[in-house]
Amino acid sequence: MKILVCVSKTPDTTSKIAFTDGGTKFDEAGVQWIINPYDEWYSLVRAIELKEKDASVSITLVNVGGADAEPIIRKALALGGDEAIRINTDSSDPYYIAAQIAAVAKAGSYDLIFTGKETIDYNGSSIGGIIAELIDVPYISLATKFELIGTTATVTREIEGGEEVAEVALPLVVSCQKGVAEQRIPNMRGIMAARTKPLKVNEPEAIEALTNIVSFELPPAKAGVKLVAPDNVAELVRLLHEEAKAI
Amino acid sequence: MSVLIFIDQADGHVKKSSLEVLTYGAKLASQLGVAAEGIVLGTVSDDIAALGKYGVSKIHHVSNNLLDHVDAQVYAKVIAEAANASGASIIIFSHNQTGKAVAARVAARLKAGLVAGACALPDTTNGFVVKKTVFSGKAFANVSINAPIKVISLNPNSYTTIAGEGTATINALHIAVDTPKVKVTAVNKVTGEIPLTEADIVVSGGRGLKGPENWGILLDLAKELGAATACSRPVGDAHWRPHHEHVGQTGVQIAPNLYIAIGISGAIQHLAGVNRSKVIVVINKDPEAPFFKAADYGIVGDAFEVVPQLTAEIKKLKAAN
Ligand SMILES: Cc1cc2nc3c(=O)[nH]c(=O)nc-3n(C[C@H](O)[C@H](O)[C@H](O)COP(=O)(O)OP(=O)(O)OC[C@H]3O[C@@H](n4cnc5c(N)ncnc54)[C@H](O)[C@@H]3O)c2cc1C
Ligand SMILES: Nc1ncnc2c1ncn2[C@@H]1O[C@H](COP(=O)(O)O)[C@@H](O)[C@H]1O
């Protein structure tokens, strides 16, 4: 069984978000890059667990990104996974990114493709769906549990106001979130092993980007908090009712 | 050319987020001088013609019961075919759970440019530029769609619903529907609760409440306000509250009218899930808690004293109105 795990590079969750070049570029000064948490904590760990249960499982990591993504790819390899493919291009267009991954998916005929629920920088929640459409397989979004018996997956996914349990045969694309697995920390053995695991660099397919980011903006600053004394809760209720019109 | 708006329903009832996208799509259509049409899939019990009051002239209905559960693969094919048949060049979804599953597939199928997580009407004065939230609500990106077909999914609670007058004509659309490959074996709805992403008011608790046995004061307040309940990540991790209540960067992202944070410090990862809320109230005993910087109103005080008083005052307000 072959699993393809999508890993993307995102700024650390505590990064200061700022822009340069007249609001057209993300300010990378002082930013620490991490594996997108949904990819690292949930989809990658679940793939590793499946491999721990069944040694015939192989895991390939795929990233669409420049050479600066290699440290996070190595970290993902240190957690687990057999090999990685980096597609050497940078883009913000979801179709472009997903079509690159779909090309890898087609060429390698993977049984299972995992993505994270969303990237914490672009927040599209869309790469998995596009890949699934391009390779014409079912897509389970926002999975909170993933079990596999033979070639049939039982997946729990988030729906509005609850969850849904479904069965579906592989091949399949799944986007993973909390619940699917528990975060792991890479150990020394993993880190050493990752150094020699194959990391292949592919040049991108000729695919048209359908969107591009023109500029960024920061939200307007809050006016500042209005504090109410703890013995005057009635005043807070009055403000919420009359001023904020929120209740 | 027209704008096609996907109307999401569950158990036959049109979702609140669908009214937002109808309003948004109709506004966009009038901005471009084209028609706005809706599409609804599966068995519906609500009066869908009445949705005309949100600005759509026609609603396509594919009433096949194979569409009663959302299978993204099946849905995408039907919606893409309907878009082709009706000559739609812009297709609008809510960026809710259904939209996250389906919009991307529709876009890929039509080779459309996709903006997922839009938060304002497109600027069509020079090209087609859509504002979306990025960095988990900490910033916005203006994204230009350069393809002839465009798909937009709109963040829930980011566009105000406006109801006018009018009835839509219903067009029963006959499109072959594939049998879903995904077999739904169970649906577990959290009953009696307001879905977090649809709630106008959310009352949320953090580690400051000390333990699950203390949640009663928060639940009382939520009940009085008709609010949904949420929590910080450590609270979900410790199973003090169900995991689906955890909001933040790695949890649910919400944008209610009012968010009341009780005993939550306001870590940047928490704020990432709630910073699109219109009004934020923070109750925390530590005046240095970072959450106060992101708040509109605050009380520096002990939650165990303040929250029951707040519930009582709201009760009074309701009695007086
Ligand atoms: C990669 C990453 C992702 C994360 N994602 C999320 C996420 O999605 N969501 C999330 O919430 N967190 C997330 N976190 C965790 C986050 O950093 C914080 O640790 C967490 O939000 C803190 O939860 P808390 O505010 O409930 O607890 P604490 O930080 O312990 O704060 C408790 C607060 O309660 C106050 N308090 C104590 N007693 C009282 C009282 N009697 N009355 C009133 N106030 C009182 C204290 O002053 C304090 O401010 C993430 C962390 C990382 C590293
Ligand atoms: N550049 C990328 N390379 C590899 N995987 C990616 C990339 N961008 C997004 N993904 C995957 O797609 C998921 C959803 O991303 P998004 O649609 O951007 O929210 C992420 O959690 C990743 O698993």
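Counting each pair of different Cα atoms once, what's the Kirkwood radius of segment B:196-320 in Å, rounded to one decimal? Answer for segment B:196-320: a Kirkwood hydrodynamic radius of 14.0 Å. Taking amide H as placed 1.01 Å from N in the peptide plane, the amide H of residue B:14 sits under 5 Å from that of B:46, each at least 5 places away or on another chain. To test your reading of the geometry: what angle, between 0 and 90 degrees and rounded to tens, separates the Cα axis of helix A:94-108 from the longest principal axis of chain A? Computed tilt is about 20 degrees.
Along the axis of the charge dipole computed for segment B:40-180 (Cβ charges of +1 for Lys and Arg, -1 for Asp and Glu, origin at the Cα centre), the listed residues B:67, B:90, B:174 are led at the positive end by B:90.
A simple charge model with +1 on the Cβ of Lys and Arg, -1 on the Cβ of Asp and Glu and nothing else charged puts the dipole of the protein assembly as shown at about 420 debye relative to its Cα centre. Out of every Cα-Cα pair in segment A:1-47, what percent are more than 13 Å apart? Counting every Cα pair in segment A:1-47, those more than 13 Å apart make up 63 percent.
Cross-link partners of residue A:245 among aspartates and glutamates, defined as those whose alpha carbon lies under 19 angstrom from its own and excluding same-chain residues fewer than eight positions apart: A:235, B:198, B:200, B:224, B:296, B:313.
Quarter the surface of the alpha carbon convex hull of segment A:162-247 and you get the mean projected area, 15.5 square nanometres. For segment B:2-172, the Stokes-Einstein estimate of translational diffusion at 25 °C and a viscosity of 0.890 mPa s comes to 157 µm²/s, using the Kirkwood hydrodynamic radius over alpha-carbon pairs.
Under conditions of 25 °C and 0.890 mPa s, chain B yields 117 µm² s⁻¹ as its translational diffusion coefficient, taking Rh as the Kirkwood radius over Cα pairs in the Stokes-Einstein equation.
Ranked from largest, the principal axis spans of the Cα set of segment B:103-201 equal 46, 40, 36 Å. In plain terms, the chain from residue B:85 to residue B:171 could stretch by 29.7 nm, reckoned as 0.36 nm per residue minus the Cα-Cα distance.
The angle between the Cα long axis of helix A:70-79 and the main principal axis of chain A comes to about 70°, on a 0 to 90 degree scale. Using only side-chain charges placed at the Cβ, +1 for Lys and Arg and -1 for Asp and Glu, the dipole size of segment A:93-245 relative to its Cα centre rounds to 740 debye.
Across the options A:23, A:229, A:247, the greatest Cα extent toward the positive end of the charge dipole of the protein assembly as shown (unit charges at beta carbon of Lys, Arg, Asp, Glu) belongs to A:23. Quick note on chain A: its Rg to Rh ratio, both from C-alpha atoms and Rh being the Kirkwood radius, is 1.06. The alpha carbon convex hull volume per residue for the protein assembly as shown rounds to 155 Å³.
Taking amide H as placed 1.01 Å from N in the peptide plane, residue B:5 has its amide H under 5 Å from the amide H of B:37, B:38, B:39, B:92, each at least 5 places away in sequence or on another chain.
Contact order, relative form, for chain B: 14 percent (alpha carbon pairs under 8 Å, 6 or more residues apart, mean separation divided by residue count).
Semi-axes of the equivalent ellipsoid of segment B:13-67 are 21, 11, 9 Å, computed as sqrt(5λ) over the eigenvalues of the C-alpha gyration tensor in descending order. Considering only alpha-carbon pairs that sit under 8 angstrom and 6 or more positions apart, the relative contact order computed for segment B:105-244 is 17 percent. Short-range pairs are left out: with C-alpha atoms under 8 Å and at least six residues apart, the relative contact order of chain A is 24 percent.
Could you list, in their original order, any pairs among A:25/B:15; A:2/A:145; A:16/A:53; A:9/B:150 whose Cα atoms are separated by more than 29 Å? Table pairs above 29 Å Cα-Cα are A:25/B:15; A:16/A:53. Placing +1 on the Cβ of every Lys and Arg and -1 on the Cβ of every Asp and Glu, with no other charges, gives chain B a dipole of roughly 700 debye about its Cα centre.
All of the numbers you see were taken from the coordinates with simple rules; none came from a lab. Because the structure is predicted, anything quoted here is derived from the model rather than measured. Every residue, glycine among them, receives a Cβ derived from its backbone with ideal geometry; neighbour counts consider all protein chains shown.
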